[in-house]
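The values are calculated or read from the model by the stated rules, or taken from the named source; none is laboratory data. As the structure is a computational prediction, the values presented were derived from the model and not from experiment. Neighbour counts are summed over all protein chains in view; Cβ atoms, including those assigned to glycine, are modelled from backbone coordinates with ideal geometry.
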Amino acid sequence: MNINLTLLVQMIAFGVFAAFCMKYIWPPIMKALEERAAKIAEGLAAAERGKQEQELGEQRAVAVMKEAKTQAADVVAQAQKRYNEILDEAKRDAQAEAERIRHAAHAEIEQEANRAREELRERMAQLAIAAAEKILQKEVDASAHKDIVAAFAKQI
Amino acid sequence: MSAETLTAQDYIQHHLTNLTLGLHPEHGLTFANNAGEAAAMGFWALHLDSVLWSLGLGYLAYRFMVGVAQKATAGVPNGAQNFVEWIVDFVNENVRGSFSAKNDLVAPLALTVFVWVFLMNLMDLIPVDLIPYAFAQFMGLFGADTHHVFMRIVPTTDPNITFGMSLTVFLLVLYYSVKVKGVGGFAAELTMQPFGKFGFPANLVLEGINLFSKPLSLSLRLFGNMYAGEMIFILIALMYGHNLLLDLSGGVLQLAWAIFHILIITLQAFIFMVLTIVYLDMAHAHH
């Protein structure tokens, strides 16, 4: 329990250890700690950014989906409209066609009737001529009296 | 343990004597054979056990931490680096909490104090007779008288060690006081308060006591705690070797005291570190 040289040795050793610690131990470890802290902070910030970006992306996706829905609805509406138009057009065409066919049929019937009438007229003319021949007992030249026959036929 | 051949007093005395190497007035350069011879060697003697255990433990810790520091990575740390970082972080927290000025020495100094004092205190948990007995037997092989081979393995129970550390801290306190405040500022701090300039003799006495009590209390607190702790281990060790009941109660007591002592050795290392930081902070503070 004497105070002796041990005291000085310990003082010097303490100083040396503290100096070496200050030079070789403290700085590298603090550097590693600080670098890691910076890295972690960076990582957290990146995670935060990613989260925000994800949220933005989700919002964008929702907007895009909404737009797509409206567009789809538009397309459907347009298609409906176009369908109606086509339907109307087809109806109109069909009516026109029907009208045309009716007209054609009408015209044909008219034509047929005219032809029948004409035939009838000619027959009547012949009959009249034959009757006149009979009546006159004399052959009447058909070509010489054609005008008369025609005028007669017209009166029928 | 050796109670048959030694009285209890001799046993305790043996455990409290350092392995002293010095120049004896009559025997020349030799190891002291007893406490009286050690005292006769005067100031220029060396407690070889204290010095070797202290430097050895310090060196071990230094090697370990330097090894970790050189391979320190900012990525995922391995076990050793994690451990060292945990200690460094703990010390750094304390320095930042107590030390307000800017000084790159304080934190490494505090780390050195904490780790070194803790390791020296830790030697107290090794059974008191184990290493001294083994060492005495070993020296006996070389013809030494085993009853006069001393070995104290807890350096912090040697006031030389604790005073050595507190005096270094004290020198740093003086150095930074003068460096930060100047000679005049430091002198003013010692003489101009608390009673104003006309009360300067009283101021000097009060501030002087205040100043010198720092290294004294710092080292005596550590020394006293460790010395008392070691003494209790020695007293418990005296219970062994008589009968079974004493042996068993001694074992229980030793275990209980060792567990309690884990708290004390950590606490003392922590207190030494914190007070070192606080004293250096006061040295940097302007009034």
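Numbers for the structure displayed
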read-out	value
Residues located in region B:128-177, provided they are assigned to a loop (DSSP other than H, G, I, E, B) and of a type in the set (A, V, I, L, M, F, W, C)	B:VAL128, B:LEU141, B:PHE142, B:ALA144, B:VAL149, B:PHE150, B:MET151, B:ILE153, B:VAL154
In region B:152-182, residue surrounded by the most Cβ atoms within 10 Å (Cβ to Cβ) [restricted to those that are charged (D, E, K, R) and within 14 Å of another protein chain (Cβ to nearest Cβ)]	B:ASP158
Number of the condition not met by B:ASP49 [criteria: (1) touching a strand residue (DSSP E or B) at 6+ places or on another chain (Cβ under 9 Å); (2) surrounded by fewer than 18 Cβ atoms within 10 Å (Cβ to Cβ); (3) within 27 Å of B:ALA237 (Cβ to Cβ)]	(2)
Region A:1-24 residues that are within 7 Å of another protein chain (Cβ to nearest Cβ), paired with ones that are of a type in the set (D, E, K, R) (beta carbon under 7 Å, 6 or more apart)	A:THR6/B:ASP158; A:MET22/B:ASP104
Subset of region A:32-48 (residues that are more than 60 Å from the chain's Cα centre (by Cα) and either closer than 30 Å to B:ALA35 by Cβ or more than 7 Å from chain B (Cβ to nearest Cβ) (or both))	A:GLU34
Selection from region B:66-82 of residues that are farther than 15 Å from A:PRO27 by Cβ, within 8 Å of another protein chain (Cβ to nearest Cβ) and either surrounded by fewer than 12 Cβ atoms within 10 Å (Cβ to Cβ) or in contact (Cβ under 8 Å) with a residue 40 or more places away in the chain (or both)	B:GLY75
Condition met for B:VAL88 (within 10 Å of chain A (Cβ to nearest Cβ) and crowded, with 19+ Cβ neighbours inside 10 Å)	yes
Yes/no for B:PHE186 being within 30 Å of B:LEU125 (Cα to Cα) and of a type in the set (Phe, Trp, Tyr)	no
One residue from A:GLU133, A:GLU110, A:GLU34, A:GLU42 being part of a helix (DSSP H, G or I), modelled with pLDDT of 90 or more and farther than 30 Å from B:ALA69 by Cα	A:GLU110
Test result for B:GLY185, more than 27 Å from B:LEU109 (Cα to Cα), of a type outside the set (Lys, Arg) and surrounded by fewer than 17 Cβ atoms within 10 Å (Cβ to Cβ)	no
Of residues in region B:95-107 being surrounded by 18 or more Cβ atoms within 10 Å (Cβ to Cβ) and under 21 Å from the mean Cα position of the chain (by Cα), the one nearest to the other protein chains (Cβ to nearest Cβ)	B:ALA107
